[in-house]
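Values quoted throughout were computed directly from the atomic coordinates according to the rules given, and no laboratory measurement underlies them. What you are looking at is a predicted structure, and each value in this text was computed from that prediction instead of being measured. Heads up, the Cβs are rebuilt from the backbone with ideal geometry, glycines too, and the neighbour counts pull from every protein chain shown.
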Amino acid sequence: MAHESYFFRARRGLPRELQEAQTWIEGIASGYGLQFCETVFEMCDWQEINMLASYGGFPTRYPHWRWGMDYLQMDKSYEYGLQKIYEMVINTQPAYAYLLDNNTMMDQKLVMAHVYGHVDFFTNNAWFAHTDRKMLDRMANHATRVRRHMDAEGQDVVETFIDMCLSIENLIDPHLPHIRRERSESEREKEAARRAPGYARMPARHYMDKYINPPEFLEEQRQRHQDRMAAQARFPDSPVRDVLGFLLEHGRMRPWQRDVLSIIRSEAYYFAPQGQTKIMNEGWASYWHTTMMTRDILTDAEVIDYCDHHSGTVAMQPGRLNPYKVGIELFRHIEDRWDKGRFGKDWMDCDDVAVKRDWDTGAGLGRDKIFEVRRTHNDVTFIDEFLTEDFVREQGLFTTTWDKKAGHYVVDSREFGAVKQQMLTMLASRGNPPITVTDANHGNRGELELTHAHEGMDLQLDWAELTLGNIARIWGRAAHLVTTVDGRRTVLHHDGASFTVDKEGKPGAGEKQQKEAS
Amino acid sequence: MPLNIDNDVHRFRTIVKGRVRKDLRRFMQSGELLGRQGDRIVSIPLPRIGIPRFRYGDNEQGGVGQGDGQPGDAADGQPGDGQGQAGEQPGQHVLEAEVTLEELAEIMGEELALPRIEPKGHKHISSERDKYTGISRVGPEGLRHTRRTFREALKRQIASGTWDAGRPRIVPVREDKRYRSWKTKSEPQSSAVILYMMDVSGSMGREQKEIVRLEAFWIDTWLQHNYDNVQARFIIHDAKAREVDRDTFFRTKESGGTLISSAYELAWRIIEADYPPDEWNIYPFHFSDGDNWSKADTKKCLTMLQERFLPACNQFSYAQVDSDYGSGQFYEDLSGSFSGDERLALSRVPDRDHIMDSIKELLGTGR
């Protein structure tokens, strides 16, 4: 295929030494059963690799200041010797991965082994099944479209709109590509027919009719049907998680704005699975780089450097969770359990500690199991299904909580249930509050009502105000957000220019509140 | 050939400087580059602009950590925010560099584009030091350079043919002897004293103190970088002023009214006693919320500044930290009376995010 590397100063290609290493490592990886598409390694100097990293791995993105901000940060970190980027690979076909030109040979081999793990994961994990593998072209296309809009409308105007879209970039429905949320038209019709007013009447002879179909019953049925129709008249008829998509379809925008919003949305969906599988993806790649490096690749002279590097990658910072570390350890834990037959009813039913400690049926299913896990799971189900009490204890996991008096985080609990609950909560929301569109004709004025399903954590109000303002501007009319603050139902309003808050139970706000409810 | 990213970098810089899209500047935060300096972690200032989103308030959510510790023990670090992108996201390796104070100062100077300070003319005292730098043929025996002496003797014996490799005996004579010689160097020595004054009256809260502490750290770092010998003295004041040590300075919470002149008087007594202005570079820094007790006292302060401090000091700096109670009137008074006078640097610090801007205002003149 045509090579996409036109953006580099000159394509240097890989030196022969590295080409040979690539062929060799590719062979080893296939030998272990990893399945991956063609993988292209590009040599970059550190400025190029920093640029690629700030562009999310892609050589071309639409013009925006935040890439520049990220680049400066990485550039300075590298310059002052604080941080350095080792590996980067993008989910495309063929997959592109980048090698830093002044890394040692050992580093390059390690990166290659790690990259093959990632590419295998991209290719086989179900959550990536719907991602666009031609994203390299699409990103370039997006860049061209945004540039064209900037030429026509002015850079400031378009950039301001991009900033507005980015502020709601996280309001997407990560499960959308995998399921159908909306019922088709014919299904709707069928259901409507079933609920038609005549439906409730049972066939009966006329002299039996008032016994079989008593008028009160019919009246009740009619009433119910009316209510149902009224509910259906609400739009949307059920809450919509994909706020970006909803705005795109129903918001009042000019064509170029719609185009920009669609670009932001499609990129957000492209990156979503990577957020959903962070622990697994890094764990899987680390599992394979250690396996391949220690069994097949390392020479004696490279062992120390390798250990130094590897321990840096999986190092735990006190009190923080490293996805590389948790991922690789959990994969090893699963492999060990299935190798020793520590699963199924017998294992679950056994409560003799001594028997459990020495449990080994010689099942030898570990490798098969982890391959299966990498195909079907995401981080939430991975933790939900495989996090065990033993694992939490061995790894020393704990939950933390904010100590208001001390002004820092403190260890809260080492109890298995609490740790698991906390991890699942964090992974399920990924820091994004669950916010849905609940009414697009609020107050019969075509205003947008969003609802935050409060899960015990309050929103940060100053940012919520700004974000709601952006939504109102994109929507074209006022926007409202129903949430909970300090345990009280609170509605935030923004009409694009001014912001007001209604707190339930607050004296004086009662009248306004009632108007809201009616 | 330039990289694509250069345009975006340029765009970001223009926004930060406030040339375009001024609305964005209010989202600016100071950056997060962390370096270690000894035991403490210091952050290196890099501007960042945040894009507002729906998100949970800080510290609302707990986290999960890994490592030692009993319930109730402090857990370092932030809880994972669960964000981030796998695979595609670069694998970053934290190198945890030790940054020396010296390097920090350079980094800061570079980021804020601070000019190097020119020490005041004629105000360095010179100190004399002897340094052994050379070799001479004459000198006291105590300074004889044995190796050189024997080398000369060996040279002479080989040249004159008296050297016997079978019986290697070297006998130096008077001409062979070499002695160390020294030169007396006079080194200019520039010394500076920083006088920190802080208003600890009731209206200065915890956050205001923290701002002063952070700002003072950077000022210290920068001045240390520019002078060989920097001393710091600390004065706190409400209606009365007293000198304290560094620790007390940053911790004290008092209450009561404010007489700024009390601090100025004490500072002047310290200068007169210990730091003659023709030998020292003097940098008074005064932090306050700008609420002085009376107009008469303010007037007294202005006179003192005009007649004593400004002629004697390199620069007198006044930083006003916004507080809920302070009127901020003192800033107005100063800027009204001394507008355009380079010897007086004024700055306002509404919140933490403006510390870097403020440092630039105070130290940006390179005096």
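Extension gain B:R206-B:T252, at 0.36 nm per residue separation less the Cα-Cα distance, in nm? Walk me through the numbers on the way to the answer.
On the way: separation 46, 0.36 × 46 = 16.56 nm, distance 1.00 nm.
Stretched out fully, the B:R206 to B:T252 stretch lengthens by 15.6 nm.
Inter-label distance, B:R180 to A:D403: 5.6 nm, where each label sits 7 Å from its Cα along the C-beta direction.
Full extension of the chain segment joining A:W347 with A:D360 gains 3.6 nm, where the gain is 0.36 nm per residue of separation less the Cα-Cα distance.
Remark on B:A232: its backbone amide H falls under 5 Å from those of B:I194, a criterion applied only to residues 5 or more positions apart or on other chains, H modelled at 1.01 Å from N. Using a 7 Å offset from Cα along Cα-Cβ at A:Q35, what residues in segment A:357-400 end up with backbone N under 17 Å from the label point? The answer is A:367-377.
I need to check one value: relative contact order of chain A, counting alpha carbon pairs closer than 8 Å and at least 6 residues apart, in percent.
Numbers: 619 pairs, mean separation 67.0, N = 518.
Worked out over chain A, it gives 13 percent.
The distance between label points at A:T23 and A:H178 comes to 4.0 nm (points 7 Å beyond Cα on the Cα→Cβ vector).
Beta bridges from DSSP with both residues in segment B:188-363: antiparallel share about 15 percent, rounded to the nearest 5.
At q = 0.11 Å⁻¹, what base-10 log of I(q)/I(0) does the Debye formula yield for segment B:188-363 when every alpha carbon is treated as an equal point scatterer in vacuo? One equal scatterer on each Cα of segment B:188-363 leads to -0.40. Between B:L154 and B:T303, residue separation times 0.36 nm minus the direct Cα-Cα distance comes to 46.0 nm. For a straight C-alpha distance cut-off of 12 angstrom, the aspartates and glutamates reachable from B:K131 (same-chain residues fewer than eight places away being disregarded) are B:E187. For A:I168, no residue 5 or more places off, or on another chain, has a built amide H under 5 Å of its own.
Taking each pair of different alpha-carbon atoms in segment B:127-187 once, compute 1/r for the pair, average those values, and report the inverse of that mean as the Kirkwood hydrodynamic radius in Å to one decimal. Could you put the intermediate results ahead of the total?
Details: mean 1/r = 0.0768 Å⁻¹.
By the Kirkwood definition, the hydrodynamic radius is 13.0 Å.
Past 31 Å, Cα to Cα: identify those pairs from A:K278/A:K405; B:K209/B:K360; A:K345/A:K420; A:K109/A:K345, in the order given. Please list the in-between numbers first.
Numbers: A:K278/A:K405 33 Å; B:K209/B:K360 19 Å; A:K345/A:K420 22 Å; A:K109/A:K345 43 Å.
Flagged as over cut-off: A:K278/A:K405; A:K109/A:K345.
As a test of the definition: which semi-axes, in Å, follow for segment A:403-444 when you take the square root of five times each eigenvalue of its alpha carbon gyration tensor? Largest first, please. Each semi-axis is √(5λ); the values are 34, 16, 8 Å. The phi-based Karplus calculation (6.51 cos²θ - 1.76 cosθ + 1.60; θ = phi - 60°) puts the 3J(HN,Hα) values of segment B:304-320 at 4, 4, 4, 8, 10, 5, 4, x, 8, 9, 5, 7, 9, 10, 10, 10, 9 Hz, whole numbers, x for Gly and Pro. Every helix of 4 or more DSSP H residues in chain A counts as -39500 (n - 2.57), and over all residues that averages to -16500 deg cm²/dmol at 222 nm. Distance between the 7 Å Cα→Cβ label points at A:S262 and A:H225: 4.1 nm.
Close amide H pairs (under 5 Å, H built 1.01 Å from N) link A:L99 with A:E42, A:M43, A:C44, residues at least 5 positions away or on another chain. Remark: segment B:271-285, residue by residue, has Karplus-estimated 3J(HN,Hα) of 4, 4, 6, 10, 10, x, x, 7, 10, 10, 8, 10, 10, x, 10 Hz, where x stands for each Gly or Pro and the curve is 6.51 cos²θ - 1.76 cosθ + 1.60 at θ = phi - 60°. Couplings 3J(HN,Hα) of segment A:491-498, computed from phi: 10, 9, 10, 9, 9, x, 10, 10 Hz, in residue order, whole Hz [Karplus 6.51 cos²θ - 1.76 cosθ + 1.60, θ = phi - 60°; x for Gly and Pro].
Percentage of Cα-Cα pair distances in chain A greater than 46 Å, rounded to whole percent? Don't jump to the answer; show the numbers that get you there.
On the way: 35748 of 133903 pairs.
Looking at chain A, the distances longer than 46 Å represent 27 percent of pairs.
Taking Cα atoms of segment A:314-429, Rg/Rh with Kirkwood Rh, to two decimals?
Numbers: Rg = 15.9 Å, Rh = 15.7 Å.
Using Cα coordinates only, the ratio equals 1.01.
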